[in-house]
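Structure first, then comments.
The numbers here are math on the coordinates, done by the rules we state, and not lab data. This one's a predicted model, so the numbers in the text were calculated from it and none came from an experiment. Quick reminder, even Gly has a Cβ in these numbers, built from the backbone with ideal geometry, and neighbours come from all protein chains shown.
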Amino acid sequence: MKQVLIALTLTFALGACSNNDGSNDSDGSRIGHVLFTGVEGLRYQTASQSGSTGSRGEFRYYPGETVTFSVGSLILAQDIPAKDWITPIDFEPDEVAKIDAGEQVDGLTTHAFLESAAAGEKRIINKMRFLLTIDDDRDPENGIQIKSYVVDAINAFDFATEGEIDWSANAEDTFGKDTLTDRVENKLINSICFPELPQTTCDDPEAGRIYTGAVSASRLLKEQLQNITRSIGEDIFVDNEFYEIPEGDHDLRTVRLVMIREHRDLDDMEVISTDNSVVTVQNWDKNSQEATFFATGQKGQEATVILNLKLANDYRWIKKNVRITIR
C-alpha cells in the first residue's frame with residue numbers, strides 16, 4: 001500500500017509541476033529567478049537574451065551562458081554563470097567557489113555552513129541592503145520591485161564625478177551610515193524620490209539612506225537561501241521512500257531518482273547508510289541517478305540510506321532519505 005501511495009504522489013507531483021516556469025522552453029532556453037521572492041525590474045543581459053526581470057525575478061538564458069545584472073547604469077554582477085536561482089551570493093564568484101568546494105559533516109558534503117557564512121560577507125550583504133532599499137514599497141515579504149523612477153535616478157547620477165560605490169565597505173558602521181553623507185551610496189539613494197513612502201524623501205536629505213541593517217539583511221538573505229534549497233529539493237524524489245525487507249533477504253535493491261524538471265543532471269552524488277550492520281550500500285552512479293543496497297540486519301532493526309545530491313551548475317547539496325525496516 002505504501003508503494004502505491006508513493007507512486008500516486010509522484011504521479012500527482014509530475015502532473016502538477018509539468019508547467020513549472022523553471023523548466024526548459026521549446027527552444028532550449030531556461031527561465032531563472034533572482035531571489036526566491038523575486039527582484040522585478042533588474043536589467044539582465046546574456047549572449048543571446050536581454051530584458052528586465054519579471055515579477056518573480058524571472059530572466060531567460062541558455063545553458064552555459066553568463067549573465068550581467070544591473071539597475072540602470074549601475075552593474076551589480078557581471079558575466080556570472082546563469083542558472084535557475086540567483087542570489088547576491090552568486091554576484092560574487094569568489095564566494096561561490098568557496099561554497100562549491102563544500103565541507104564534510106557526518107560523512108557527507110554540505111554547502112549549508114559555508115553558504116550561511118557568505119550571507120554575511122560585506123560585498124554580498126551590502127548589495128542585498130541596496131536592493132532592499134530601492135524596493136518600491138520596502139516590504140521584502142512581497143519581493144523587490146525596482147520602478148522606472150529608480151532606474152532614471154541611477155542613470156542620471158554622475159558616477160564619473162562622485163566615484164564608484166565601495167561594496168566592500170564595512171556593513172555595520174560604514175556602508176550606508178547616515179552620518180557619512182559623502183558616501184557614494186548615500187548620495188545615490190538620496191537622489192531618488194520614493195513616492196510610495198510616507199515621507200516626502202525628496203525634501204529630507206536623510207530619508208533615502210540605506211535603511212536595512214546588516215543583521216536584518218543577512219537574516220532575510222538566509223531565509224531566501226533556505227527557501228531556494230527547499231524548492232530545489234521538492235523537485236527531486238526517490239521512486240521508493242520506504243522498504244520493508246524480510247530478515248535473511250539479501251537481494252540487491254535499486255533506488256532511482258525522479259527529477260520533476262527535465263534535463264536535470266547531477267554534478268556529484270554521495271550515498272551512505274546510517275547503519276552498515278543493517279543496510280549496506282553497494283554502489284551508486286550519478287549518470288544513471290540510482291543507487292543499490294542490500295539488507296544485512298535482523299528483524300526489528302532499521303536504517304536509512306541517505307542520497308546526497310549536487311545538481312549541475314549549482315553549489316547546493318540536496319539530501320533524500322530512504323527508510324529500511326527489517327521484518
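Data table
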{"item": "Candidates Gly107, Gly297, Gly233, ranked by Gaussian network fluctuation over the chain, Cα under 10 Å, top entry", "result": "Gly107"}
{"item": "Intensity falloff of the stretch 29-233 expressed as log10 I(q)/I(0), Debye formula with alpha-carbon point scatterers, at q = 0.08, 0.16, 0.17, 0.18 Å⁻¹", "result": "-0.27, -1.08, -1.21, -1.35"}
{"item": "Extreme residue, positive dipole direction of the chain, given options Val215, Val271, Gly176 (C-beta unit charges)", "result": "Val271"}
{"item": "Surface/4 estimate of mean projected area, convex hull on alpha-carbon atoms of the stretch 58-127, nm²", "result": "5.5"}
{"item": "Under-20-angstrom lysine pairs by C-alpha in the stretch 29-233, whenever the two are 8 or more apart or on separate chains", "result": "15"}
{"item": "Per-peptide average of other Cβ atoms within 10 Å, ordering 153-164, 114-125 highest first", "result": "114-125, 153-164"}
{"item": "The stretch 29-233 - percent relative contact order, Cα under 8 Å, separation 6 or more", "result": "18"}
